[in-house]
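Just below is one structure, and these are the notes that go with it.
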Amino acid sequence: MTPGIRPLIAGNWKMNGSWRGSRRLADAVRDAAPALDCSLLVCPPFLHVQAVAATLLGSPVAVGGQDCHAKPSGAHTGDIGAPMLRDAGATHVLLGHSERRADHGESSALVFAKCEAALAAGLTPVVCVGETEAQRDAGHAEAVVGQQLSESLPLGFITAGGIIAYEPVWAIGTGRTPTEADIAAMHAHMRRRLVLAFGPTAELTRLLYGGSVKPSNAAAILALPDVDGALVGGASLVADDFIAIAQAVPRG
Ligand code: 13P
């Protein structure tokens, strides 16, 4: 936790669920929200954003997309523009997730352009960064993440409340996590980089950790300095687990 930052627990539902299932999951998070001492965000698949946003209207739970195109509209078959997400009720968008980088060859330059599109549409970008296992083993984790940060974030990202999620690629969906010391070191590194690049406003930028967060490890991870929340994949598909992770946020 960072003093002065309200922690955020975000769920990335990835390519899972029916719209009924998404609504049920959203209902459960909405019902639990008033008793939770953190901000909450759920990121359903595009097709379910509107239904989930309607379910969550008037609740403190925010809705995000999992990606957007770098252009607001046009001849881009199969893509979704940031203004469409906004129109459907989203307030946030995940960008540069390692699955997008791997499955769709997304570069940090493209993530930068998508970030600009998100900001122009009034969406809060959540930019994902993280090293592969080979990069960590070679001792390059901080350099890789530092480069991703410097190439992915446009001017205005920090003042608009942009969020960073550190997700080591090798920890996603594997049940493995870095040591608490490694997570803390990476988050301190990211904070330093951001403050150097953007100035003291970045002291209040939310830095989330993602990668195999579950109810059993959430309290220890969320208590680390400069860890201002979590981006949860698999465990966010089970309402009780997602809520248990949010309950593990240390009381400020
Ligand atoms: P898991 O929590 O399933 O490891 O996924 C993390 C993730 O990729 C969130 O964006």
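Here, each number is a calculation from the coordinates, and none is a lab measurement. Source: prediction; values computed, not measured. Cβ sites come from the backbone with ideal geometry, for glycine too, and all protein chains shown count toward neighbours.
Here are a few things to note about the model shown:
- Eligible lysines near Lys214 by straight Cα distance, threshold 17 Å, same-chain separation 8 or greater: Lys14
- With helices as the sole contributors, the chain gives -12500 deg cm²/dmol at 222 nm; each DSSP H run of n ≥ 4 counts as -39500 (n - 2.57), and the sum is divided by every residue.
- Charge dipole magnitude, Cβ of K and R +1, D and E -1 - region 58-182, Cα centre, debye nearest 20: 380 debye
- Considering every alpha-carbon pair of the chain, the percent of pairs per 10 Å bin, from zero through the bin containing the longest distance, is 8, 34, 39, 18, 1.
- Positive dipole terminus of region 82-168, leading residue within Ser150, Val126, His140 (C-beta point charges): Val126
- Integer Hz, Karplus 6.51/-1.76/1.60 couplings in order for region 202-210, x for Gly and Pro: 5, 4, 9, 6, 6, 10, 8, 9, x
- Nearest-20 debye value, region 1-141 charge dipole, Cβ charges on Lys, Arg, Asp, Glu: 360 debye
- Sequence-distant lysines (8 or more away, or on other chains) whose Cα lies within less than 18 Å of Lys114: Lys71
- Potential extension, Ala220-Asp31 segment - 0.36 nm per residue separation minus Cα distance: 65.5 nm
- Modelled this way, with points 7 Å down the Cα-to-C-beta line, the labels at Arg251 and Ala160 are 3.7 nm from one another.
- A simple packing score, the average count of other Cβ atoms within 10 Å per residue, orders the peptides 180-187, 22-29 as 22-29, 180-187, with the highest score first.
- Top positive-direction residue, dipole computed over the chain with Cβ charges, set Ala185, Ser107, Ala235: Ala235
- Fraction of C-alpha pairs exceeding 12 angstrom in region 6-63: 60 percent, rounded to a whole number.
- Highest-fluctuation residue, Leu153, Leu123, Leu57 considered, GNM on the chain with Cα pairs under 10 Å: Leu57
- Basic side chains Lys and Arg get +1 at the Cβ, acidic Asp and Glu get -1 at the Cβ, and with that the dipole of the chain about its Cα centre reaches some 440 debye.
- Note on the chain: dipole from Cβ charges, positive end direction compared against Leu94, Val249, Leu36; the farthest Cα belongs to Leu36.
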